[in-house]
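J.: Could you have a look at this structure, given as structure tokens, before my questions?
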Amino acid sequence: MKHLITFIFALMLGLVGVTVGNADEKAADKADGQSTSGGNMSTILIETNKGDIKVELDAAKAPKTVANILAYVNEGFYDGTIFHRVIPGFMIQGGGMTSDMREKADKRPPIENEADNGLKNDRGTLAMARTNDPHSASSQFFINVKDNDFLNFRSKTPQGWGYAVFGKVVEGMDVVDAIVGVKTGNSGFHQDVPVEPVIMTKVSVVK
């Protein structure tokens with residue numbers, strides 16, 4: 001699929017045996033260590049059938065990525081999409097598939113990779129999903145459920161670009177943890193798909 005996190009297939013060998021750290025829940029909710037750059041923040045609410053997740057977007061550090069995400073949010077693109085890939089000790093991915101596992105067509109071109117913005121793929125952060133092309137991200141994103149240092153920017157090369165972090169969960173990491181704990185299976189050639197769909201019923205800007 002065009003917008004699945006294709007790095008999973010290339011890098012999952014490096015994840016064998018990795019488990020979710022027992023981070024303090026309160027600290028995880030705050031996603032410590034990420035920038036809060038003055039007034040350049042927007043907040044979105046991801047309402048799901050598992051509960052609500054509130055996310056702070058950092059337009060100062062990831063202006064193109066945040067503008068892209070807000071455009072999708074404001075047109076209601078994410079409403080009715082699902083978290084279609086859930087991997088304990090890694091991440092939950094969503095934002096582009098319907099509950100019947102059909103991919104929604106992107107409405108705008110891919111964006112420039114902003115992974116060199118200094119933000120890290122730490123637990124509770126959101127980053128853009130993409131193909132092997134570093135600048136192919138469009139609508140899909142993932143929430144890190146542990147510190148995934150190997151996804152961070154290292155160099156402006158195909159292997160070193162990493163995955164652009166653009167926000168952090170400020171409320172609802174308990175919901176994220178509930179999602180990562182659901183039973184998963186295969187759906188066609190897709191793996192790690194929740195057996196019962198985890199639906200984003202509505203995604204909206206709240207600040």
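The values are calculated or read from the model by the stated rules, or taken from the named source; none is laboratory data. Because the structure is predicted, anything quoted here is derived from the model rather than measured. Positions of Cβ are backbone-derived with ideal geometry, glycine not excepted, and every protein chain shown enters the neighbour counts. All accessible areas refer to the heavy atoms of the entire protein, side chains included, with ligands and DNA or RNA removed. Shrake-Rupley method; radii C 1.70, N 1.55, O 1.52, S 1.80 Å.
J.: Report every pair of residues separated by at least 6 positions or lying on different chains whose Cβ atoms are under 6 Å apart, first residue within the stretch 80-97 and more than 12 Å from Asn144 (Cα to Cα), second assigned to a strand (DSSP E or B) and modelled with pLDDT under 95.
T.: Gly96/Glu103; Met97/Glu103
J.: Which number in (1) within 20 Å of Ala67 (Cα to Cα); (2) open to solvent by less than 10 Å² (accessible area, probe 1.4 Å); (3) of a type outside the set (Lys, Arg) marks the one condition that Asn144 misses?
T.: Unmet condition: (1).
J.: Between a residue in the stretch 167-188 that is open to solvent by less than 60 Å² (accessible area, probe 1.4 Å) and any residue that is part of a helix (DSSP H, G or I), which pairs come within a Cβ distance under 6 Å, given they are 6 or more apart or on different chains?
T.: Met173/Ala28; Met173/Asp29
J.: Please verify whether Ser155 is in contact with a helix residue (DSSP H, G or I) (Cβ under 8 Å, 6 or more places away or on another chain), of a type in the set (S, T, N, Q) and surrounded by fewer than 15 Cβ atoms within 10 Å (Cβ to Cβ), treating the condition exactly as stated. Even if it seems obvious, please write down each step before you answer.
T.: Numbers: in contact with a helix residue (DSSP H, G or I) (Cβ under 8 Å, 6 or more places away or on another chain): no; of a type in the set (S, T, N, Q): yes; surrounded by fewer than 15 Cβ atoms within 10 Å (Cβ to Cβ): yes.
Considered against the rule, which asks whether it is in contact with a helix residue (DSSP H, G or I) (Cβ under 8 Å, 6 or more places away or on another chain), of a type in the set (S, T, N, Q) and surrounded by fewer than 15 Cβ atoms within 10 Å (Cβ to Cβ), Ser155 comes out as no.
J.: Exactly one of these conditions fails for Met128: (1) within 13 Å of the chain's Cα centre (by Cα); (2) free of Cβ contacts under 8 Å to residues at least 40 places away in the same chain. Give me its number.
T.: (2)
J.: So, one more: Can you tell me which residue is surrounded by the most Cβ atoms within 10 Å (Cβ to Cβ) among those in the stretch 100-141 that are of a type in the set (S, T, N, Q) and touching a helix residue (DSSP H, G or I) at 6+ places or on another chain (Cβ under 6 Å)? Show your work before the answer.
T.: Our first condition is that a residue be of a type in the set (S, T, N, Q); within the stretch 100-141, this holds for 113, 117, 121, 125, 131-132, 136, 138-140.
Imposing the further condition that a residue be touching a helix residue (DSSP H, G or I) at 6+ places or on another chain (Cβ under 6 Å) reduces the set to 121, 139.
Details: Asn121: 23, Ser139: 25.
Step by step, filter the stretch 100-141, then rank; the result is Ser139.
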